[in-house]
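Note sheet for the following structure.
The values are calculated or read from the model by the stated rules, or taken from the named source; none is laboratory data. Everything quoted here is computed from the prediction, not taken from an experiment. Cβ placement follows ideal geometry from the backbone for every residue including glycine, while neighbour counts extend to all protein chains displayed. Each accessible area value is taken on the protein alone, full model and side chains, heavy atoms only, with ligands, DNA and RNA left out. Shrake-Rupley method; radii C 1.70, N 1.55, O 1.52, S 1.80 Å.
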Amino acid sequence: MFQGFPGTMPSLALSAVLVALLSGIFVYAITFGGVSAPSGYKLPPGPFAWPLMGNMLNIRTASHPWMQFAEWSRTYGPVIHLKVLRYSIVVLNSPKDAFALLDQRSINYSDRPRLTMLSFLDLSWVIPLMQYGERWRKHRRLLHRYCNSAAARQYEPLQQRKARELLVQLRLEPDRFVEHSNYAVGTILLDLTYGTYDKGTTARYLQYAKNSADTLAEIFLPGALLVQYAPLLRYFPSWFPGSSYKNRMETWREVFRLAVNEPFDHVKRAMRDGLESPSFLNQMLNEIEPLKGEEYTEAETVAKNCASVVYGAGSDTMIATLITFFLAMILHPKAQQKARAELMSVVGPDRLPEFYDRPMLPYVNAIVKECTRWIPVTPLGAFHATMNDDVYEGYFIPKGSIVFANQWAMLHNPVEYPDPEQFNPERFLNADGSLNPDVRDPNSIAFGFGRRICPGRDISDATIFICVASILHVFNIGPELDADGRPVWPKVDVTSSLVCHPLPFKCKIVLLSSTSEHLVDGIDISRS
Ligand code: HEM
């Protein structure tokens, strides 16, 4: 039933993004000079690179670059080298090399490439794109305090409440499962970051966040900022061909201003009027209150940036995993039946799943892991950049190289995950049904590596678990039926972007029984 990911994807967005990025750092590339190795060393192997353009066209024409990189790694080995202009790109296709470089040598591999457009649009607050250094460290420290695994447990009541609200919405409007899942995930992050507000305000803030995510995607597309290819365009008036982006800069800035400032100002006003609802921004602001002057202003900016990035970086990624779950369940009714049998024996028919059930639900946990592995949300992770020259296994890796961890290749490696295109939760289980610790946990790859590893991984894992367990406990997820009552099986296909989503599909979500109906009827959503 699994169709694989055919090479004729409609979207070239990710390769386009890569090319735009690589073009964008042209100036940086020149600064660092060419990509030859010093005598006695050689660069890691890779496909033939044309003069000047290097492998730019190879990347551009690959519909899913992570598959192309995996293919090259079969010819050249797990560490491959590509050139774009005079720039060096290293793609790591195995966990061994990713851990050896991004984790164990993280002091050198934790920078991000400098992107011209980020300074144009003043996106220096976007933590995932921040340069490595003291400023980034301050943001990470704060994020860690509110997102580490112990801290993340305080959000469980919120996650559970939102998962249950999702059940009510799925019952009322099952066809709108994508919107409802979006709302559930979005409001978990919004509520934990800024607190709970009325429905209208919540909807507005969710819209701001979506607008800023869409705008980021738009400005990363090639052509949108031609100035990336020709930085001198920045000195020309907006009527000059290629400079029309200047007319849109204000709109773009306004989109980001609203997303970052409005919810933040709202929390500050609410705190001043004694009307705040608990949130991590509220806690952060209380903690920095004793600071004065510049010290306070700086701490407040860090708090504001951290708050805005949680929604921005977390929502799109979690929703993609949740939609993958629906897709997998349509195609694998037996997996649903097994999960349901487990839920029935552990949770029973009279209540909904709780977080404390989790250790007794290995099959449900295996489904969550398999969703993460089967369609990796960020197939190429995020680009790291080297701060100094390095030598790894005899190969020279120049300062300023962009380093990708090909998470898709790692999570689809047939040695670690046999028959990797198949959705198969059993791969994570022992014969007695318990979780097999010898099979690598996809979370150890899917959330990145080293010092830049995703700080939201525990929040994300808990959110996906409680949504998946709650949905499976009361609903059956099946294919849509055509006019003759025949199932319409969705094709497994993904967008090509920095964050990958399954392409749109339809499904039929129905309550399992009158007992399930009773459980959903009993959900109190008045606090949601
Ligand atoms: C399925 C869900 C998620 C996936 C697959 C995911 C994946 C990733 C990956 C691959 C990175 C780059 C790591 C690297 O550079 O090696 C990253 C960074 C980041 N993620 Fe997530 N993420 C998810 C959810 C979240 C959530 C819920 C939050 C917020 C609570 C979050 C906040 C961040 C931030 C702030 C960064 C930037 C870290 C830095 O550059 O220092 N993510 N994520």
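In the set THR193, THR202, which member is open to solvent by less than 30 Å² (accessible area, probe 1.4 Å), under 30 Å from VAL510 (Cα atoms), at pLDDT below 95 and in a helix (DSSP H, G or I)? Steps first, answer last, please.
Numbers: THR193 fails: under 30 Å from VAL510 (Cα atoms).
Unique residue meeting the criteria: THR202.
Listed residues LYS304, LYS268, LYS292; which is among the charged types (D, E, K, R), farther than 17 Å from THR187 by Cβ and in contact (Cβ under 8 Å) with a residue 60 or more places away in the chain?
Just a single option satisfies the conditions, and that option is LYS304.
Just checking, does the range 133-156 include any residue being away from the ligand (no atom under 16 Å from the Cβ) and closer than 18 Å to VAL468 by Cα?
no
So which residues in the range 119-132 are part of a helix (DSSP H, G or I), within 13 Å of the ligand (Cβ to nearest atom) and among the hydrophobic types (A, V, I, L, M, F, W, C)? Can you show your working first?
Our first condition is that a residue be part of a helix (DSSP H, G or I); within the range 119-132, this holds for 119-120, 127-129.
Adding the requirement that they be within 13 Å of the ligand (Cβ to nearest atom) leaves 127-129.
Answer for the range 119-132, where residues must be part of a helix (DSSP H, G or I), within 13 Å of the ligand (Cβ to nearest atom) and among the hydrophobic types (A, V, I, L, M, F, W, C): ILE127, LEU129.
Taking the range 318-374 as the region of interest, how many residues are farther than 15 Å from HIS501 by Cα, part of a helix (DSSP H, G or I) and of a type in the set (Val, Ile, Thr)?
5
State which residue pairs qualify: first residue free of Cβ contacts under 8 Å to residues at least 40 places away in the same chain and inside the range 121-148, second residue more than 10 Å from the ligand (Cβ to nearest atom) and in a helix (DSSP H, G or I) in any location, beta carbons under 7 Å apart, and separation of 6 or more residues or different chains.
SER124/LEU118; LEU129/LEU118; ARG145/ALA151
Considering only residues of the range 503-516 that are open to solvent by 60 Å² or more (accessible area, probe 1.4 Å) and under 30 Å from the mean Cα position of the chain (by Cα), which is nearest to GLN160 (Cα to Cα)?
VAL510
Output the residue which, of all residues in the range 440-458 that are more than 28 Å from LYS491 (Cα to Cα) and in contact with a helix residue (DSSP H, G or I) (Cβ under 6 Å, 6 or more places away or on another chain), is nearest to the ligand (Cβ to nearest atom).
Across the range 440-458, the extreme among qualifying residues is GLY456.
Answer yes if at least one residue in the range 259-268 is in a helix (DSSP H, G or I), in contact with an Asp or Glu (Cβ under 8 Å, 6 or more places away or on another chain) and not small (Gly, Ala, Ser), and no otherwise.
Yes, some residue in the range 259-268 is in a helix (DSSP H, G or I), in contact with an Asp or Glu (Cβ under 8 Å, 6 or more places away or on another chain) and not small (Gly, Ala, Ser).
What are the residues in the range 68-99 that are open to solvent by 50 Å² or more (accessible area, probe 1.4 Å) and either free of Cβ contacts under 8 Å to residues at least 40 places away in the same chain or assigned to a helix (DSSP H, G or I) (or both), if any?
GLN68, GLU71, ARG74, THR75, TYR76, PRO78, LYS96, PHE99 - these are the residues of the range 68-99 that are open to solvent by 50 Å² or more (accessible area, probe 1.4 Å) and either free of Cβ contacts under 8 Å to residues at least 40 places away in the same chain or assigned to a helix (DSSP H, G or I) (or both).
Regarding the range 346-362, can at least one residue be identified that is open to solvent by 10 Å² or more (accessible area, probe 1.4 Å), farther than 30 Å from SER516 by Cα and of a type outside the set (Phe, Trp, Tyr)?
No.
Yes/no per residue for (1) β-branched (Val, Ile, Thr); (2) modelled with pLDDT under 95; (3) within 16 Å of the ligand (Cβ to nearest atom); (4) under 17 Å from ALA462 (Cβ atoms):
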residue: ILE323; (1), (2), (3), (4): yes, no, yes, no
residue: ILE330; (1), (2), (3), (4): yes, no, no, no
residue: PRO333; (1), (2), (3), (4): no, no, no, no
residue: ALA339; (1), (2), (3), (4): no, no, no, no
residue: GLY348; (1), (2), (3), (4): no, no, no, no
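Looking only at the range 390-399, which residues are surrounded by fewer than 23 Cβ atoms within 10 Å (Cβ to Cβ) and out of contact with any Pro (no Cβ under 6 Å at 6 or more places or on another chain)?
ASP390, VAL391, TYR392, GLU393, GLY394, PHE396, PRO398, LYS399
Test LEU102 against the criterion of being touching a Pro at 6+ places or on another chain (Cβ under 8 Å) and either over 26 Å from THR215 (Cα atoms) or of a type in the set (Gly, Ala, Ser) (or both), and give yes or no.
When the stated conditions are applied, LEU102 does not pass them.
Can you tell me which of SER526, SER496 is touching a Pro at 6+ places or on another chain (Cβ under 9 Å), modelled with pLDDT under 95 and either surrounded by 19 or more Cβ atoms within 10 Å (Cβ to Cβ) or in a loop (DSSP other than H, G, I, E, B) (or both)? Outline the logic, then answer.
Values: SER526 fails: touching a Pro at 6+ places or on another chain (Cβ under 9 Å).
From the options SER526, SER496, the qualifying one is SER496.
Output the residues belonging to the range 372-389 that are crowded, with 18+ Cβ neighbours inside 10 Å and more than 9 Å from the ligand (Cβ to nearest atom).
Residues satisfying the conditions are ARG373, TRP374, ILE375, PRO379, ALA385, THR386.
Just need a number here: residues in the range 269-291 that are assigned to a helix (DSSP H, G or I) and either of a type in the set (Val, Ile, Thr) or within 19 Å of THR202 (Cα to Cα) (or both).
Residues flagged as assigned to a helix (DSSP H, G or I) and either of a type in the set (Val, Ile, Thr) or within 19 Å of THR202 (Cα to Cα) (or both) within the range 269-291 amount to 7.
Counting only residues that are assigned to a loop (DSSP other than H, G, I, E, B) and within 20 Å of GLY448 (Cβ to Cβ), which one in the range 401-419 is most open to solvent (accessible area, probe 1.4 Å)?
As a first pass, look at the range 401-419 and keep what is assigned to a loop (DSSP other than H, G, I, E, B): 401, 406, 412-419.
This time we only want the ones that are within 20 Å of GLY448 (Cβ to Cβ), so: 401, 406, 412-413, 416-417.
Working: SER401: 0, ASN406: 0, HIS412: 12, ASN413: 47, GLU416: 62, TYR417: 1 Å².
Per the criteria, the residue is GLU416.
Could you grab me the full set of residues in the range 431-450 that are open to solvent by 20 Å² or more (accessible area, probe 1.4 Å) and either in a loop (DSSP other than H, G, I, E, B) or at pLDDT below 95 (or both)?
ALA431, ASP432, GLY433, SER434, ASN436, PRO437, ASP438, VAL439, ARG440, ASP441, PHE447
Do we find that ARG176 is closer than 20 Å to ALA469 by Cβ, open to solvent by 10 Å² or more (accessible area, probe 1.4 Å) and either in a helix (DSSP H, G or I) or among the β-branched types (Val, Ile, Thr) (or both) in this structure?
Here the answer is no, as ARG176 does not meet what is asked.
Name the one entry in LEU519, LEU472 that is closer than 16 Å to VAL347 by Cα and either open to solvent by less than 20 Å² (accessible area, probe 1.4 Å) or in contact with a strand residue (DSSP E or B) (Cβ under 6 Å, 6 or more places away or on another chain) (or both). Talk me through it step by step, then tell me what you get.
On the way: LEU519 fails: either open to solvent by less than 20 Å² (accessible area, probe 1.4 Å) or in contact with a strand residue (DSSP E or B) (Cβ under 6 Å, 6 or more places away or on another chain) (or both).
Every option except LEU472 fails the conditions.
Criterion first (within 16 Å of the ligand (Cβ to nearest atom), at pLDDT below 95 and open to solvent by less than 30 Å² (accessible area, probe 1.4 Å)) does LEU102 satisfy it?
no
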